[in-house]
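Visitor: The structure that follows is given in the form of structure tokens.
The values are calculated or read from the model by the stated rules, or taken from the named source; none is laboratory data. Model, not experiment: these values are computed from the prediction. Every residue, glycine as well, gets a Cβ built from its backbone with ideal geometry; the counts of neighbours run over all protein chains shown.
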Amino acid sequence: MDRRSLQTFRTVAETGSVSAAAGKLHCVQSAVTARIRRLEEEIGVTLFLRSRRGMRPTPAGEVLLDYAVRVLRLLDSAERAMRDLTGNGGLLRLGTMETTLAARLPPLLAAFRRRHPEVRLRLSSGPTDDLLRALLADELDAALVGGRVQHPELLAEPVFVEEMVLVMPPGVRDPAALEDRLLFVFRRGCAYRAFAEQWLRRSGLAPVEIAELGTLEGILGCVAAGLGLTLLPRSVAARPPYRDLLTLRSLAGGGSLVTVLCHHRDRPGGRALEGFRDLLRGGSPAVPPPP
């Protein structure tokens, strides 16, 4: 039972088929089949139920899958720790909300690359809930997410306070004037979507329909075209080119959402993560305010 066999086993369990696993592992199907067969022979149990619909773990396979995920996670952590100790660069796997990536991260990432040119950056974006799941699965070293995070395995450090604003088509001053009040949002799990839905309900402006889009550009473009409204950080909506194409209105009584950097409570993040945390704490040029 070695790393390759455990990786192969986990990938087959995740994808549900030998062909899909082979594609993900960049090898031939016969190699995947052989590794699974050797693993089953070695431990003396059948790991998968095979049918025309694909493959799913047996009860024994489910038990092994839990161990395989934890073992592979520990091996990855050990490798990163050794790279840190030997000074051979390292890898920072950073997750972020798309809005933070657009408005806040570029100058920080540029400063980080100047200070730590030996570190490889692997960025991914998504809604808060997806990023937290990836962090807990050890697919990320840290994640910039929105709102309060309370989990026994995670630490959350506040890094930005985002003023939330109502974003409407040009010339519109009152959201009630939008007959359909179509609300453009990211998919569920997004902290900004949850904030927007709660604020609209409290304000008596619940939208007739919610339009779920996958990109920030799509949301802002649809609002600029007069199709509806959204709520976003001012740091995002007030930047060119959209600041001249949209109407921004402060929320009655004010409204803000904190962006936090989440990372594992009991797992060392290594030099790469510490360097990024130093940057966020002000050890490098400050993030410029929105125009």
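Visitor: Of all residues in region 234-255 being within 25 Å of the chain's Cα centre (by Cα) and of a type outside the set (Val, Ile, Thr), which is modelled with the lowest pLDDT?
Guide: By that ranking, first place goes to Tyr242.
Visitor: If a residue must be modelled with pLDDT under 85 and more than 19 Å from Leu245 (Cα to Cα), how many such residues does region 172-198 contain?
Guide: Summing the residues that are modelled with pLDDT under 85 and more than 19 Å from Leu245 (Cα to Cα) in region 172-198 gives 3.
Visitor: Right, something else. Examine region 150-158 for a residue that is touching a helix residue (DSSP H, G or I) at 6+ places or on another chain (Cβ under 6 Å) and either touching a residue at least 24 places away in the same chain (Cβ under 8 Å) or of a type in the set (Asp, Glu) (or both), and state whether such a residue exists.
Guide: No; the residues of region 150-158 include none that is touching a helix residue (DSSP H, G or I) at 6+ places or on another chain (Cβ under 6 Å) and either touching a residue at least 24 places away in the same chain (Cβ under 8 Å) or of a type in the set (Asp, Glu) (or both).
Visitor: Confirm whether Leu65 is crowded, with 21+ Cβ neighbours inside 10 Å and either over 12 Å from the mean Cα position of the chain (by Cα) or not in a strand (DSSP E or B) (or both).
Guide: No: the conditions fail for Leu65.
Visitor: Name the single residue that is modelled with the highest pLDDT among those in region 25-62 being assigned to a strand (DSSP E or B) and among the basic types (Lys, Arg).
Guide: Here the residue is Arg56.
Visitor: Need pairs with beta-carbon distance below 6 Å; first residue over 18 Å from Arg239 (Cβ atoms) and within region 210-223, second assigned to a loop (DSSP other than H, G, I, E, B); sequence gap 6+ or separate chains.
Guide: If the second residue must be assigned to a loop (DSSP other than H, G, I, E, B), the pairs left are Ala211/Leu182; Glu212/Arg187.
Visitor: How many residues are in a helix (DSSP H, G or I) and within 16 Å of Ala68 (Cα to Cα) if we restrict to region 1-24?
Guide: Residues that pass the stated criteria total 14.
Visitor: When the residues of region 256-275 are filtered to those that are buried (at least 17 other Cβ atoms within 10 Å of the Cβ) and either aliphatic (A, V, I, L, M) or within 28 Å of Leu231 (Cβ to Cβ) (or both), which remaining residue is modelled with the lowest pLDDT?
Guide: This residue is Ala272.
Visitor: Okay, moving on. From the list Val149, Val172, which one is in the same structural domain as Arg271 (by TED's automatic domain parsing), β-branched (Val, Ile, Thr) and farther than 19 Å from Ala103 by Cβ?
Guide: Val149
Visitor: Tell me, yes or no, whether region 118-131 has at least one residue that is without any contact (Cβ under 8 Å) to a residue 12 or more places away in the chain and surrounded by fewer than 19 Cβ atoms within 10 Å (Cβ to Cβ).
Guide: No.
Visitor: Which count do you get for residues in region 182-199 that are in contact with a helix residue (DSSP H, G or I) (Cβ under 6 Å, 6 or more places away or on another chain) and surrounded by fewer than 17 Cβ atoms within 10 Å (Cβ to Cβ)?
Guide: 1
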